[in-house]
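Below you'll find the structure, written out as structure tokens, and then a few comments.
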Amino acid sequence: MKRIGLLTSGGDAPGMNAAIRAVVRSGLYFGMQVYGIERGYAGLIEDKVMPLEMRSVSNIVQLGGTKLRTARCLEMLTKEGQKQAVQTLEKHGIDGLVVIGGDGSFRGAKILSDEYGVPTIGIPGTIDNDLEYTDYTLGFDTAVNTCLDIINKLRDTMTSHERVSVVEVMGRHCGDIALFSGIASGAEIIVVPEIKFDMDEIINRINRSRANGKHSNIIVVAEGVMGADDFARQLQEKTAYSVRPTCIGHVQRGGSPSMADRMLAAQFGNKAVRLLNDGIGNRAVGIRDNKIIDMDIIEAVSMKKTFNLELYETLQMISM
Ligand code: F6P
């Protein structure tokens, strides 16, 4: 393995730059040439390839976003797009690829591995934490911390005005951002796609907390259920409390990565290159029970995400 390519794909996530750095530096350590591909699979199809050196990745470990930029690329789902992507790899003599992205990006990696024989390693980079095979995806921790910062501020003003705050967080079809930011911020209620909600039960919970002396309430709603505006409107129709919606939006995708995400980035990036250096491809790296693991990329993308019911019950028991 002499030349490896590296791309970031799908929605960006804090820690992607730290992972780029780890891949480049680890590759150079093993005597490889490392090529960065701009704009994800779109750049691979359009031949946006450049060599990355030691200093190309200086001073980026602390930066949010992705230096390589990213895109969601529908062309990669077509045979024509896939063939062009493989042609670009062949043109530059790239014989191994690291893909940093979410499950959509992993599917592209799976196609390259499976159908075109390109040894590919997937690094899970998405704020959504929606991949079952790994306990955490890169960017999730920072995104949750950003949500916490905003929810803390909302709590201040909601308490002053004795209001109910409905906060919408991202996560696509996964409720993990809502679950973790709900527990860690002391939100009284979370609403996630994995569990059916009952507005009357939510109002009962608010009533109980007010009877217990609480002056405000935070309801964290995952975007996979509905938007904050709609949820707040539905709630307001049934209650006399003053309800205010806030959509955190893309703010939660930016910002300097947390320590946890930088550590994941270093370990995921390094592991990906170690695998390629050992001639092993078609794997996804991850973390399970605090250990860095790798598994078959096809198996990794086909595992169905489960929801942590015990954590959900914990919130119900301790936030009131
Ligand atoms: O996958 C990351 C994510 O931020 C999701 O949480 C969200 O649903 C989606 O991307 C938003 O995508 P876009 O930035 O394309 O609007």
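The values are calculated or read from the model by the stated rules, or taken from the named source; none is laboratory data. All values derive from a computational prediction rather than experimental measurement. Glycine gets a Cβ as well: all are built from the backbone with ideal geometry, and neighbour counts include every protein chain shown. Surface areas here come from the heavy atoms of the whole protein model, side chains and all, with no ligands, DNA or RNA. Shrake-Rupley method; radii C 1.70, N 1.55, O 1.52, S 1.80 Å.
Only the Cβ atoms of Lys and Arg (+1) and of Asp and Glu (-1) were treated as charged; on that basis the dipole of segment 140-253 about its Cα centre amounts to roughly 300 debye.
Among GLY64, ILE45, ASN308, whose Cα sits farthest toward the positive end of the charge dipole of the chain (+1 at Cβ of Lys/Arg, -1 at Cβ of Asp/Glu, about the Cα centre)? The Cα lying farthest towards the positive end belongs to GLY64. Classify segment 1-45 from the C-alpha gyration tensor, please: rounded if a/c falls under 1.5, else prolate or oblate depending on whether a/b exceeds b/c. Oblate, since a/c reaches 1.5 and b/c is not below a/b.
Computed extension length for LYS91-GLN62: 7.1 nm, one decimal, from 0.36 nm per residue of separation with the Cα-Cα distance subtracted.
By accessible area, using a 1.4 Å probe on protein heavy atoms only, the chain has 49% of its surface on carbon and sulfur.
The Rg/Rh ratio for segment 140-253, using Cα coordinates for both the radius of gyration and the Kirkwood hydrodynamic radius, is 0.93. Between 0 and 90 degrees, rounded to the nearest ten: what's the tilt of helix 103-116 against the longest Cα principal axis of the chain? Long axis of 103-116 versus the principal axis of the chain: about 20 degrees. With Cα atoms defining each centre, segment 156-201 and segment 7-45 are spaced 34 Å apart in the structure. Given the options ASN152, ASN290, ASN277, state which has the largest fluctuation in a GNM of the chain using a 10 Å cut-off (strictly under) for Cα springs. Result for the chain, Cα springs under 10 Å: ASN290 fluctuates most. Bridge orientation summary for the chain: considering DSSP beta bridges with both residues in this region, about 25 percent are antiparallel. Given R0 = 35 Å, the distance between the Cβ atoms of THR157 and LEU309 translates into a calculated FRET efficiency of 0.60. Packing here is the average count of other Cβ atoms within 10 Å per residue, and on that basis the peptides 305-313, 74-82, highest first, run 74-82, 305-313. Helix 140-161 and the longest principal axis of the C-alpha atoms of the chain enclose an angle of approximately 20°. For the chain, the solvent-accessible area works out to 43 Å² per residue, with a probe of 1.4 Å and every protein chain left in place. Of the GluC sites (Glu not before Pro) in segment 178-250, the ones in a loop by DSSP (not H, G, I, E or B) with at most 13 other beta carbons within 10 Å are GLU237. Comparing MET199, MET295, MET170 in a Gaussian network model of the chain where C-alpha atoms under 10 Å apart are linked, the largest mean-square fluctuation is found at MET199.
A Gaussian network model of the chain, with springs between Cα atoms under 10 Å, assigns the largest mean-square fluctuation among LEU276, LEU28, LEU97 to LEU28.
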